[in-house]
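Input: a single structure, listed below in structure tokens.
Every number here is computed from the coordinates shown, using simple stated rules; none is lab data. Since this is a predicted model, take the numbers as computed values, not measurements. Every residue, glycine as well, gets a Cβ built from its backbone with ideal geometry; the counts of neighbours run over all protein chains shown.
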Amino acid sequence: MSANGTRPLWGAFVVLFGVVVAAAFGPVEPVVWAFPAWAVVVLGGVIGAVAVGVVAVVGHGWPRGAGEPAPGARTGPGTGGEGEP
Amino acid sequence: MSAVALAVMGAYLVLTLAIGYLGYRRTGSTPAEYFLAGGTLGRVVFPLTMFATLMSAFIFLGSAGFGYIHGFAWMAMIGVEAVAGIPLALIGLRAWRRARAAGYITPTEFLGDAYDSSAVKLLVLAVQFGWSIPYLAIQAMGGGLLFETISNGAVPFWAGGLIVTVVTGAYLALGGLRSVAWSDVLQGVAVVALLAAAATYLLPAIDPLAITDALRESGHLAPAGAVGFFTPRIWASFLLMNTMAVIAYPQMFQRFFAAESERSFRALLVWWPVMALIAAVVPVVLGAWGTQILPNLGTPDQVLPALLQEFAPAWLVGVILGGALAAMMSTADSLTLTLSSLVTRDLYRDHVAPDASERRETWVGRVAIVVLLAGGYLLALPRLGTIIDLAVYFIQGNALVLPVYLAALYWPRASAEGAVGAVLVGQAYFLAGTFGPAPAFGFMPFVPALALACTVLVGGSLLTTEGPKPASPVTGEP
């Protein structure tokens, strides 16, 4: 994940939003417990959003403010700032 | 049932007032203290107040009613708000950094500064204010209806609406955002916990597996919904609209500015989707299942209270309907506070009394709160259906303003001319598509209006600027 982690998060949002949009074309069958297949896809997108939040924050420490470099990031003059893309 | 439910709701209102009083004792007299709680909302309060601000009584009554009418399809429309938590945190953090550097209090102050234009500020203020007033009225209507229903008419509509308006006005005028945020913690927890309690209690009684075949036959399991409303284009329109509106509502965007630190946004990114997941699934599926348990309900919005009355003890019905009251008040108070800050900062301070002291500004904010709530209450009294219709457009009208906010945050070449054109063209096409003959091409009118607004924003900005704007001496950003 990049220093501020915004690009992977934007990418995850686009994918998950696309999943929920695409669910409109999903089939009713099979029914998983009481949920039709397309609704399971929607729930997958929603649970994916939960997972993305946990991974970004707990796993990668998003967001990294000034003076809080990413693990393993090069620091010092000439290595670039913490600005968002 | 009514006596128990009324007692629970009365206790809830007293507790909210007590929290408001505690907030008042901790609140200073400056506008930043009053409207933004001094920027002190941390990892617990910040995500809960954001969630409570978004969730209105609709989630208890309207969302279950839509589940009853359309079926599971409505789950996707609310579920996308969980996915919207990602851009909410990303955009919110960026807006917070700008606001913290420059000391903004209102979203329109930020816009006016970003575009260096009073015209952009006043135009967006007028648009968001205009869409918000009917929404304010509908909260008072909700309070009146809730009390009237629970008391079987013993508390009339006008009295129920008045009680909710007065209590909201009291804790809001006293403590500003600090009172709102602290009461939002109670309200946010209540919304999530009571929805979970409703599901836990009703699931064994309903036995969803036994009614799945009947639901399939009635169309309640189809993505298009039982009445075929959600065509793929309408589906996509709703998802886009709900995602954008969550960020663009003035009360949500202003709340970004009140975060204590970047850690507040970490908590938002983690907890928002969890809370939104519960809010998306529980009322909709209970509403859909309710079609088989309670067919031919005259008022679909009553499905959740009716299910509870059928299967749950009276005290639980009262507690859960208290949750609806909590959700309603947490939206009304936040919206009123934001509107009063717009009046105080962007109209009174900028155009009426530029030399007014901060203490005077805060008092003007308090007076504006009383006037706004009184106006909303008076608008609610005639129970006009058109007000409810207008409130539905609150979502779309606000979502259409989001490109102007995003361009101010992310696109250095965005110009005031482009922004003014985008707002005017977007709103005009939306109104023409909603109330007139402008084509929507199978989508909701919001979608072509959004496409036009974005085109005008980009085209207008490219035509009126020659390159990126110089960095601001305050924020260091364009």
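Going by a ≥ b ≥ c, the root eigenvalues of the Cα gyration tensor, does chain B fall in the rounded group (a/c under 1.5), the prolate group (a/b larger than b/c) or the oblate group?
Since a/c reaches 1.5 but b/c is at least a/b, the shape of chain B is classed as oblate.
For every helix of n ≥ 4 consecutive DSSP H residues, a contribution of -39,500 (n - 2.57) applies; sum these over chain B, divide by its total residues, and give [θ] at 222 nm rounded to the nearest 500 deg cm²/dmol.
The per-residue figure over chain B is -25500 deg cm²/dmol.
Exposure proxy ranking for B:L48, B:L347, based on other Cβ atoms within 10 angstrom of each Cβ and starting from the fewest, stands as B:L347, B:L48.
Distance between the C-alpha centres of the stretch B:140-176 and the stretch B:218-244: 33 Å, rounded to the whole angstrom.
What are the DSSP H helices in chain B that stretch 20 Å or more along their long axis, judged by alpha-carbon atoms, and whose average Kyte-Doolittle hydropathy comes to at least -0.5? Write out the running numbers ahead of the final one.
Working: long enough: B:2-26 (36 Å, 1.26); B:85-102 (25 Å, 0.45); B:118-150 (47 Å, 1.26); B:157-206 (44 Å, 1.52); B:232-248 (24 Å, 1.22); B:262-293 (47 Å, 1.22); B:314-341 (41 Å, 1.34); B:358-380 (33 Å, 0.75); B:385-399 (23 Å, 0.97); B:416-435 (28 Å, 1.21); B:446-464 (26 Å, 1.98).
Qualifying helices: B:2-26, B:85-102, B:118-150, B:157-206, B:232-248, B:262-293, B:314-341, B:358-380, B:385-399, B:416-435, B:446-464.
When you restrict to C-alpha pairs under 8 Å that are six or more residues apart and normalise by the size of the stretch B:211-318, the relative contact order lands at 21 percent. Rg/Rh for the stretch B:27-70 stands at 1.26; both radii use Cα atoms, and Rh follows the Kirkwood definition. Partner shielding of B:219-226 amounts to 4, given as the average count of beta-carbon atoms from other chains within 10 Å of each residue beta-carbon. Short to long, the 5 Å bins of the Cα pair-distance histogram for the stretch B:395-465 hold 4, 21, 28, 22, 14, 8, 3, 0 percent of all pairs. Each of B:L307, B:V319, B:M252 was placed along the dipole of the stretch B:245-337 (beta-carbon charges, centred on the mean Cα), and the one lying farthest toward the positive end is B:M252.
Which order, highest average first, do B:219-225, B:99-105 follow once you tally other Cβ atoms within 10 Å for each residue and take the mean per peptide? Spell out each step's value before the answer.
Details: B:219-225: 22.0, B:99-105: 18.9.
For the peptides B:219-225, B:99-105, the packing ranking is B:219-225, B:99-105.
Inter-chain neighbour count for B:282-289: the average number of beta-carbon atoms from partner chains within 10 Å of each residue's beta-carbon is 1.
Shielding by partners for peptide A:12-25, expressed as the average number of C-beta atoms from other protein chains within 10 Å of each residue's C-beta, is 5. With one equal scatterer per alpha carbon and no solvent term, the Debye-computed log10 I(q)/I(0) for the stretch B:24-138 at 0.15, 0.21 1/Å reads -0.96, -1.36. With no solvent and one equal point scatterer per Cα, compute the Debye intensity ratio I(q)/I(0) for the protein assembly as shown at 0.07, 0.10 Å⁻¹ and report its log10, rounded to two decimals. The computed values of log10 I(q)/I(0) come out as -0.39, -0.82.
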